[in-house]
1. Is at least one residue of the stretch B:57-77 open to solvent by 30 Å² or more (accessible area, probe 1.4 Å), out of contact with any strand residue (DSSP E or B) (no Cβ under 9 Å at 6 or more places or on another chain) and in a strand (DSSP E or B)?
2. Out of the stretch B:42-74, which residues are farther than 25 Å from A:F91 by Cβ and not small (G, A, S)?
3. Could you list, in sequence order, the residues of the stretch B:40-64 that are within 8 Å of chain A (Cβ to nearest Cβ) and either among the acidic types (D, E) or touching a residue at least 12 places away in the same chain (Cβ under 8 Å) (or both)?
4. Enumerate the strands (runs of 3 or more DSSP E) found wholly within chain A, keeping only those where 1 or more residues are away from chain B (no Cβ under 14 Å).
5. Mind telling me which of the residues B:S67, B:S33 ends up being polar (S, T, N, Q) and free of Cβ contacts under 8 Å to residues at least 24 places away in the same chain?
6. Checking B:S80 against (1) in a strand (DSSP E or B); (2) away from every other protein chain (no Cβ under 12 Å), only one condition comes out false. Which one?
7. Give the residues of the stretch B:58-100 that are more than 17 Å from B:K9 (Cβ to Cβ) and of a type in the set (V, I, T), sorted by residue number.
8. Is it true that B:V113 is under 30 Å from A:Q8 (Cβ atoms), β-branched (V, I, T) and either open to solvent by 60 Å² or more (accessible area, probe 1.4 Å) or touching a residue at least 24 places away in the same chain (Cβ under 8 Å) (or both)?
Amino acid sequence: AQTVTQSQPEMSVQEAETVTLSCTYDTSESDYYLFWYKQPPSRQMILVIRQEAYKQQNATENRFSVNFQKAAKSFSLKISDSQLGDAAMYFCAYRSWEYGNKLVFGAGTILRVKS
Amino acid sequence: NAGVTQTPKFQVLKTGQSMTLQCAQDMNHEYMSWYRQDPGMGLRLIHYSVGAGITDQGEVPNGYNVSRSTTEDFPLRLLSAAPSQTSVYFCASSPTGGIYNEQFFGPGTRLTVL
């Protein structure tokens, strides 16, 4: 079965600094998507960024970018110029056709931003 | 658009009671799903539906039933609540079951079973 591992239960970053959240996944498939979701204290799940496995170019969305290493099955999220509003739980997730297009989540990383 | 709505926001049940968590979306999405969120385990898929009249099991379906009689609604039924079902429940929807689709989540229901 597909699994998604987030090895950092908690991370801290100083405001305006850069932080990287790690994610690894296990799959034998070649066609899939990877996602990062943010869950602030309000509990609302918000899509941050997505990456198609067939695209070599790393996805970016403003201050958020990913480092996608397909061979290593690694999908880290980099947040630049961290802001207080970035404080949240971040979930890495995987989705593929072979697994019934189900979304599989990691356990999450709590990000704290210090002012 | 209201997006994905869930009711209630909070609920306390006694062991053995039954209840239905409501989920509705107004975006004409085909794909809807239910997740539960437990500390240290992320979100786990309970049941999902690829369209009206079609449902299937996810990773943790035991103790839960679903039906999809309309495109808009996807209720989750707890038949006989157990303390192990204490969790936060999220409903989500996406335009189709395509793996590239963003899933839009509701605000969640916090359920406590005593």
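1. For the stretch B:57-77, residues open to solvent by 30 Å² or more (accessible area, probe 1.4 Å), out of contact with any strand residue (DSSP E or B) (no Cβ under 9 Å at 6 or more places or on another chain) and in a strand (DSSP E or B): absent.
2. Listed by number, the residues that qualify are B:I54, B:N65, B:R68, B:T70, B:T71, B:E72, B:D73.
3. B:L43, B:R44, B:L45, B:Y48, B:D56, B:G58, B:E59
4. Numbers: elements: A:3-5, A:10-14, A:19-21, A:24-26, A:32-39, A:46-52, A:64-69, A:74-79, A:88-96, A:103-105, A:109-114.
By residue number, A:10-14, A:19-21, A:24-26, A:64-69, A:74-79, A:109-114.
5. Within the list B:S67, B:S33, the selection yields B:S67.
6. Unmet for B:S80, out of (1) in a strand (DSSP E or B); (2) away from every other protein chain (no Cβ under 12 Å): (1).
7. B:V60, B:V66, B:T70, B:T71, B:T96, B:I99
8. On the way: under 30 Å from A:Q8 (Cβ atoms): no; β-branched (V, I, T): yes; either open to solvent by 60 Å² or more (accessible area, probe 1.4 Å) or touching a residue at least 24 places away in the same chain (Cβ under 8 Å) (or both): yes.
Answer is no for this residue.
The values are calculated or read from the model by the stated rules, or taken from the named source; none is laboratory data. None of the values given here were measured: they were computed from a predicted structure. Because the Cβ atoms are built from the backbone with ideal geometry, glycine has one as well, and the counts that use them run over all protein chains shown. Surface areas here come from the heavy atoms of the whole protein model, side chains and all, with no ligands, DNA or RNA. Shrake-Rupley method; radii C 1.70, N 1.55, O 1.52, S 1.80 Å.
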